[in-house]
There are 2 protein chains.
Amino acid sequence: MSKQEIVLMPVSSSGCCAPISDAALDAAGAAEGATVFKALADPIRLRLLSMITSAGDEICVCDLTPQFDVSGPTISHHLKVLREAGLVDCERRGTWVYYWPVPERLQWISSLLAVPEPIPAR
Amino acid sequence: MSKQEIVLMPVSSSGCCAPISDAALDAAGAAEGATVFKALADPIRLRLLSMITSAGDEICVCDLTPQFDVSGPTISHHLKVLREAGLVDCERRGTWVYYWPVPERLQWISSLLAVPEPIPAR
């Protein structure tokens, strides 16, 4: 049996941490990361997030719902999950709710998986 | 009701696509992405992946299992999910199975969430 050492990398409270290619996550960091990935692990939520992030500034829920074959309340539920994961934020103005991305959170979860340098092909 | 246009970004068969901050995913791209995020949406799997990616080259399953309070078969199941998502690969050599990351797949899923430029604070 080998005795390879595993270096642990704690996640700070700000959610900022080194890529997993640099150091292994501890249990707390893995739990926080897994919560965000769970929010992304649904095709409707991932499409919603992509529509919100690519909208430029913000996007009305009235422009999101017609893109899907599911009900308005279902879309609202998925948007709530994205908001609770810290990936988007929103504001009600009159009849409609407007959504925008939280770039710091997206950057954090993206950089967690970043592979800084190409690894030679095996 | 606003009439904001949503630009769709198809995912190529190679799994390479622009960040979601550039264009919205179509249904097929969202389905593929969500499958990978589902593999990451478990704290044990995320820790396993971080141990494998940070190991430098490859890591023996015998060095992974002792880091967790769950059984060997449970760890094997989680490793299988990571492998089926294309995030890691493995090879049996003698008694033990050795795992290594698939950087192209990590790079793809990381770049999907990348935020290229800071968005001004609201």
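Below is a table of values for the structure above.
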| read-out | value |
| --- | --- |
| Histogram of C-alpha separations across region B:27-113, 5 Å bin width, % | 3, 14, 27, 26, 16, 9, 5, 1, 0 |
| Å² per residue, accessible surface of region A:27-113 at 1.4 Å | 40 |
| 7 Å along Cα→Cβ, label-point gaps from B:Q67 to other copies, nm, shortest first | 3.6 |
| Computed Kirkwood radius, in angstrom, where 1/r is averaged over Cα pairs of region A:36-86 | 11.0 |
| Chains A and B together, accessible area buried on both sides, 1.4 angstrom probe, square angstrom | 4400 |
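The values are calculated or read from the model by the stated rules, or taken from the named source; none is laboratory data. This structure is a prediction, so every number in the text was calculated from the model and none was measured. Using ideal geometry, Cβ is built from the backbone for each residue, glycine included, and neighbour counts are taken over all protein chains shown. The area values use the complete protein model at the heavy-atom level, side chains included, leaving out ligands, DNA and RNA. Shrake-Rupley method; radii C 1.70, N 1.55, O 1.52, S 1.80 Å.
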